[in-house]
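Novice: Please read through the structure below; I'll follow up with questions.
Derivation of every value follows stated rules applied to the coordinates shown; laboratory data play no part. Since the structure is predicted, the reported quantities are computational estimates derived from the model, not experimental observations. Note that we place each Cβ from the backbone using ideal geometry, even for glycine, and neighbour counts take in every protein chain shown.
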Amino acid sequence: MKSRSAFIFCVLFFVSSAFAQVAITPSTTLSAERANNTNLTGFNGTTNGNVKPGSVSKVDIHTLLYAGATTKVFAHYMPWWDSSGHPSIGLGDEANPAVASAQVADAISRGIDGFMIDWYGPQNTHHNTATMNIKATAEASPNFEFAICEDSGSLKGAANPTAKLLSDIQYMADTYFSSPRYLLWNGRPVIMFFLNSSQAINWATVHARAAGNPLFVFRNASGFAHAESDGSFSWTNVSSNVNDMGLTAEDRFYEAGLAHLSELTVGSAYKGFNDGLASWGSNRIMNQQCGQTWLATWAEVGKFYSASNQLPFLQIATWNDYEEGTEVETGIDNCVAITAALSGQTLSWAISGQENTLDHYMVYVSSDGQNLMPLMDVPTGSYSINLSGYAFQPGNYTLYVQAVAKPGLLNHMSGAVALQQ
């Protein structure tokens, strides 16, 4: 009898719990879930694949990596917007500390660990001021790091490129290396080089005399074989085939990295490429394929690395290069739409587009159509829920289903679905 009584109690408890009244306690709004949640305002997109800012997924960027990854994820950062030589695209002057602060906050909200700053030397006052702003913002932010990528632009016109590069590195050592947020590897500051091979640099001299004992990180698979290399970083490799995602080059890079285990390997992920807005452009295009290029470049990492063989760093190319159509700041279009409908007590939904760009679905309920309470998190591959287990108080409600995208891609919300109880 004791056992039977316990059984009846458990059944009654389960039934009463399953049909407990649902109190609507909103935690967000319809406008917030549909709104632009980036740091950008006043930007309407461009013809080379930079979308109008929208609701970008804030699912942690690291979830795109292999299981158990400890990889730090950086984004390549361009400090030149609203400066001479580049078009104004309404993003604000990056020499303004408030702009830098907003960009870092946005990156942190997506799980990004830091910026690799494309640097044109101390002589470029605007770019260097923007870099100083990122430094200051990083130092005021928990765990956000930065590093310098020396660009060919800093050496352009130099009578002695070797001496100029050594001078630049001395400035880095004096100004940036001592920052508690400057990126170190095995205790040494990291410098990346994005230089033209035609620039006559005596690398043995630079490596021997460089201030601050930095690590020299060159570009692409060939960078590992550089005589003074301490590592290499991957970059976009665009072919004549607009649908070529550059994965063969990615494979070569990771294979080279595994063959040079004593050197630093910095992998890459990117959404595509289109230099149609660049004054130096040559109509090079790598299609985004509705987010598939983005996902494929992340997946490539897992072919070579794992929890027992970690990739140290990965760099997104890029955070904000609008001229070459690689920026992820505004979000990446996954070409998805979602519709929802109610039949009896079953809420169901359907999507157009590719579901592999989605992380999950979120069902919301509202008593006024605007203030939303999350009702259920539903995994992809499922397209309905039974509402009979929810004891709503009598009244009229509105339901919405959100297609929550994978990191960096755009979220989408269904239209309103009326529910009468």
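Novice: Taking the Cα atoms only, what angle lies between the long axis of helix 97-109 and the longest principal axis of the chain, rounded to 10 degrees?
Specialist: 50 degrees
Novice: Let me ask another. Against the longest alpha carbon principal axis of the chain, how many degrees, from 0 to 90 and to the nearest 10, is the axis of helix 247-259 turned?
Specialist: Compared with the principal axis, the helix lies near 70 degrees.
Novice: Pick from SER268, SER239, SER101: which residue has the top mean-square fluctuation in a GNM of the chain where Cα pairs under 10 Å get a spring?
Specialist: SER239
Novice: Can you tell me the mean projection area, over all orientations, of the convex hull of the range 159-251's alpha carbons? Units nm², please.
Specialist: Working: hull surface 30.8 nm².
Computing the convex hull of the Cα atoms and averaging its projections yields 7.7 nm².
Novice: While we're looking at this one, here's another question. How much net charge surrounds GLY267 when only other residues with a Cβ under 9 Å from its Cβ are counted (Lys, Arg +1; Asp, Glu -1)?
Specialist: Numbers: positive: none; negative: GLU250, GLU300.
Value of the local net charge: -2.
Novice: In which sequence would HIS360, HIS76 go, from the one with the fewest C-beta neighbours within 10 Å to the one with the most? If you can, show how the numbers build up before the last one.
Specialist: Numbers: HIS360 16, HIS76 25.
The most exposed by this proxy come first: HIS360, HIS76.
Novice: In percent, what relative contact order does the range 94-217 have, based on Cα pairs under 8 Å that are 6 or more apart in sequence? Mind showing how you got there, number by number?
Specialist: On the way: 171 pairs, mean separation 30.9, N = 124.
Relative contact order of the range 94-217: 25 percent.
Novice: Still on this structure: Tell me, what ³J(HN,Hα) does each residue in the range 165-170 have, in order and in whole Hz, if you take phi through Karplus 6.51 cos²θ - 1.76 cosθ + 1.60 with θ = phi - 60° and put x for Gly and Pro?
Specialist: 5, 4, 5, 4, 5, 4
Novice: Answer rounded, prolate or oblate for the range 228-357, using the Cα gyration tensor with square roots of eigenvalues a ≥ b ≥ c: rounded when a/c is under 1.5, else prolate when a/b is larger than b/c, else oblate. Show your work: numbers first, answer last.
Specialist: On the way: a/c = 2.75, a/b = 1.51, b/c = 1.82.
Oblate is the answer for the range 228-357, as a/c is 1.5 or above yet b/c matches or exceeds a/b.
Novice: Hey, another quick one. Taking the beta-carbon count within 10 Å as an exposure proxy, list LEU215, LEU342 from fewest neighbours to most. List each step's numbers first, then the result.
Specialist: Values: LEU215 21, LEU342 14.
The fewest-first ordering by Cβ neighbours comes to LEU342, LEU215.
Novice: Using amide H atoms built 1.01 Å from N in the peptide plane, name the residues 5+ places from ASN274, or on other chains, whose amide H lies under 5 Å from its own.
Specialist: MET286, GLY325, THR326
Novice: Mind checking the angle between helix 125-139 and the chain's longest principal axis? C-alpha axes, 0 to 90 degrees, to the nearest 10.
Specialist: 50 degrees
Novice: Taking 8 Å as the Cα distance limit and 6 or more residues as the minimum spacing, I'd like the relative contact order of the range 305-402 as a percentage. Could the numbers behind the result be given before it?
Specialist: Numbers: 127 pairs, mean separation 23.1, N = 98.
Once normalised by length, the contact order is 24 percent.
Novice: Fewest first, what order do THR248, THR330, THR380 take by the number of other Cβ atoms within 10 Å?
Specialist: Values: THR248 12, THR330 23, THR380 16.
Going from sparsest to densest Cβ surroundings: THR248, THR380, THR330.
Novice: Still on this structure: If amide hydrogens are placed 1.01 Å from N in the peptide plane, which non-local residues have theirs closer than 5 Å to the one on TRP185?
Specialist: Residues meeting the criterion, in which the H sits 1.01 Å from N, are VAL190.
Novice: When a/c is below 1.5 the answer is rounded, else prolate if a/b is larger than b/c, else oblate, so apply that to the range 69-316 with a ≥ b ≥ c taken from the square roots of the Cα gyration tensor eigenvalues. Walk me through the numbers before you get to the answer.
Specialist: Details: a/c = 1.25, a/b = 1.11, b/c = 1.12.
It comes out rounded by the Cα gyration axes.
Novice: For the chain, modelled as a GNM with alpha-carbon contacts under 10 angstrom, which of VAL217, VAL206, VAL73 fluctuates the most?
Specialist: Among VAL217, VAL206, VAL73, the largest mean-square fluctuation in the Gaussian network model of the chain belongs to VAL206.
Novice: Taking Cα atoms of the chain, Rg/Rh with Kirkwood Rh, to two decimals?
Specialist: Working: Rg = 25.2 Å, Rh = 23.6 Å.
Taking Rh as the inverse mean 1/r over Cα pairs, Rg/Rh reads 1.06.
Novice: Right, another one. Would you tally the net charge around HIS127, using a Cβ to Cβ cut-off of less than 10 Å, leaving HIS127 out, and scoring K and R as +1, D and E as -1? Please list the in-between numbers first.
Specialist: Values: positive: none; negative: GLU94, ASP118, ASP151.
Counting the neighbours of HIS127, the net charge comes to -3.
Novice: Counting other Cβ atoms within 10 Å, which trypsin sites (Lys or Arg not before Pro) in the range 134-175 have at most 14 and lie in a DSSP loop?
Specialist: On the way: sites: LYS135, LYS156, LYS164; in loops: LYS156.
Here the sparse-neighbourhood loop sites are LYS156.
Novice: So what's the projected area for the range 265-421, the Cα convex hull averaged over all directions, in nm²? Working shown, then result.
Specialist: Values: hull surface 49.2 nm².
So the mean shadow area of the Cα hull is 12.3 nm².
Novice: Which number do you get for Rg(Cα) / (2.2 N^0.38 Å) in the range 82-222? List each step's numbers first, then the result.
Specialist: On the way: Rg = 15.3 Å, N = 141, 2.2 N^0.38 = 14.4 Å.
So the Cα radius of gyration is 1.06 times the expected 2.2 N^0.38 Å.
Novice: Tell me the relative contact order for the chain as a rounded percent, counting alpha carbon contacts under 8 Å between residues six or more apart. List each step's numbers first, then the result.
Specialist: Numbers: 911 pairs, mean separation 80.7, N = 421.
Over the chain, the number comes to 19 percent.
Novice: What does the net charge come to around VAL73 if you take all other residues with beta carbon closer than 12 Å to its beta carbon, with K and R at +1 and D and E at -1?
Specialist: Details: positive: LYS72, ARG110; negative: ASP60, ASP113, GLU145.
Result for the neighbourhood of VAL73: -1.
Novice: Taking amide hydrogens as modeled 1.01 Å from N in the peptide plane, which residues meet the under 5 Å criterion relative to PHE392, leaving out close sequence neighbours?
Specialist: VAL22
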